[in-house]
Amino acid sequence: MAPLRYMSGFGSEFASEDPRCPGSLPKGQNNPQKCPYGLYAEQLSGSAFTAPRTHNRRTWLYRILPSAVHTPFSPMEQPYLTHDWKSSEPNPNQMRWHPFSIPHINKEKVDWVQGLHTICGAGDPCARHGIAVYAYMCNTSMVDTCLYTSDGDFLIVPEKGTLHITTEFGKMDVVNNEICVIQQGMRFSVDVDGESRGYVMEVFDAHFELPHLGPIGANGLANPRDFLTPVAWYEDRKVPQGGYTVISKYQGKLFQAHQDQSPFNVVAWHGNYVPYKYNLENFCVVNSVSFDHLDPSIFTVLTCQSVKPGVAIADFVIFPPRWSVQTDTFRPPYYHRNCMSEFMGLIKGSYEAKEEGFRPGGATLHSMMTPHGPDATCFEGASNAELKPQRIAEGTMAFMFESSLSMALTEWGQKTCECVDAEYYKCWLPLKSHFNPDWKPE
């Protein structure tokens, strides 16, 4: 099978047509009286019509049938998907989860939608304000089924297994150490090769953007050219007797409708509202080359900003392999209490501040103002280590979903999930006082 093709750029204006139908994009206008090849013109708006041009997001799709051709939606049961943040009592404790369990295919077939589990979140999609964090654990592909979320944008982080994603815009393969973003309203289906696991963050407020670089300059961190968007691909496939299911995530619940044809019937499209993926290995790390451990904001890949300047609804932050060269500095992450909520996951390797207990496919949550930091082993080792230049986090990729919102745990996230590490707090108990009232400066 030929490798998939992509177009590069972030927030760019793209135009693509399936090579099987040359000239399928209308020339010089968006919705002619009759589109080439007898296609229908359909606009997908990701912003208000009157949003400033710098923030206006929309794409024109030229498809075999409009997306409106389906039966009425009806409720669909998915017991692990919820935005009811009041269903369990608030819990300010440090939380850690061992790797989330993937169902065995011999016992139960679970596709990507069925395997979504809400861990924590805040806000309300009805008010277009908030965030939700999920884990997905699945073992089979979505068959004649697609999903779109009316509530926000999905940022998907695979940890185990490749995701073969078909969208209305074309196809993407998302492997370990890559991420993808499926924006609000975009229909997609996920195929897997076997047991698969990963993390998802959904933002309700706005779309992800690249962080401002300020005095860093014009280059660095995640460069726009490294973001990849699929090229147009279509299938004109009939599914008799309403055999294709379209799932809508709407106001935090799932609904299903049925239709007789594949929704991936877009022959051509143009616009700047698109799905995209990014390889985390392309991140250009910026760090201190003199002293002190800088704030983790220097590792921000994508951000969804609030209306307050510099305050994020959500940041996606990574901790990639890099050089550590600071002098006279405790180099691991410092002890911290934060006005933000910090959810961390591990894609591969071992995290420098807690090499034991925090494993790929697991997670931690340090809620707003909950103290956290290196465990006792890390502190003693880093406090006495020879401070020579060294590579750290080789073979590792940890990440953080950081939010200005106070995220609440779901019932599954703090009680039902068998992966909760009830002894996480013990990693700090061996820390001892080194206070010496007779200390004199050298």
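The values are calculated or read from the model by the stated rules, or taken from the named source; none is laboratory data. Note that the structure is predicted; figures quoted are calculated from it, not measured. Here Cβ is always computed from backbone atoms with ideal geometry, including for glycine, and neighbour counts include all displayed protein chains. Heads up: the accessible areas ignore ligands, DNA and RNA and are worked out on the full protein's heavy atoms, side chains in. Shrake-Rupley method; radii C 1.70, N 1.55, O 1.52, S 1.80 Å.
Annotations for the structure displayed:
- Selection of segment 305-356 for residues being open to solvent by 10 Å² or more (accessible area, probe 1.4 Å), of a type in the set (A, V, I, L, M) and touching a residue at least 24 places away in the same chain (Cβ under 8 Å) yields VAL311, VAL325, MET340, MET344.
- So LYS277, is it in contact with a strand residue (DSSP E or B) (Cβ under 9 Å, 6 or more places away or on another chain), within 22 Å of MET400 (Cα to Cα) and either free of Cβ contacts under 8 Å to residues at least 12 places away in the same chain or of a type in the set (Lys, Arg) (or both): yes
- Enumerated strands (runs of 3 or more DSSP E) restricted to segment 224-330, each holding at least 2 residues that are closer than 30 Å to LEU346 by Cβ: 227-230, 244-250, 276-279, 300-305, 312-319, 322-324
- Candidate set: segment 105-131, residues that are of a type in the set (S, T, N, Q) and open to solvent by 70 Å² or more (accessible area, probe 1.4 Å); chosen: the one nearest to SER367 (Cα to Cα): GLN114
- Search result, residues across segment 401-442 that are among the polar types (S, T, N, Q) and within 13 Å of THR118 (Cβ to Cβ): THR410, GLN414, THR416
- Selection over segment 132-150 of residues that are more than 15 Å from SER189 (Cα to Cα) and either open to solvent by 20 Å² or more (accessible area, probe 1.4 Å) or out of contact with any Phe, Trp or Tyr (no Cβ under 6 Å at 6 or more places or on another chain) (or both) gives a count of 3.
- When the residues of segment 14-59 are filtered to those that are part of a loop (DSSP other than H, G, I, E, B) and of a type in the set (D, E, K, R), the one that is farthest from the chain's Cα centre (by Cα) is LYS34.
- Test for PHE379: is it open to solvent by 30 Å² or more (accessible area, probe 1.4 Å), of a type outside the set (Asp, Glu), outside any loop (DSSP other than H, G, I, E, B) and under 20 Å from GLN94 (Cβ atoms): yes
- Taking the criterion of being part of a loop (DSSP other than H, G, I, E, B), within 24 Å of GLU17 (Cα to Cα) and in contact (Cβ under 8 Å) with a residue 12 or more places away in the chain, the residues of segment 60-75 that qualify are ILE64, LEU65, PRO66, SER67, VAL69.
- Every residue from segment 406-442 that is assigned to a loop (DSSP other than H, G, I, E, B), hydrophobic (A, V, I, L, M, F, W, C) and open to solvent by 30 Å² or more (accessible area, probe 1.4 Å): ALA422, TRP428, LEU429, LEU431, PHE435, TRP439
- Single condition PRO19 does not satisfy, out of (1) farther than 14 Å from PHE169 by Cα; (2) without any contact (Cβ under 8 Å) to a residue 60 or more places away in the chain; (3) open to solvent by 60 Å² or more (accessible area, probe 1.4 Å): (1)
- Search result, residues across segment 22-42 that are free of Cβ contacts under 8 Å to residues at least 40 places away in the same chain and polar (S, T, N, Q): GLN29, ASN30, ASN31, GLN33
- As a summary of the residue check, LEU387 satisfies the conditions (1) closer than 21 Å to TYR335 by Cβ; (2) buried (at least 19 other Cβ atoms within 10 Å of the Cβ); (3) among the aliphatic types (A, V, I, L, M) except for the one numbered (2).
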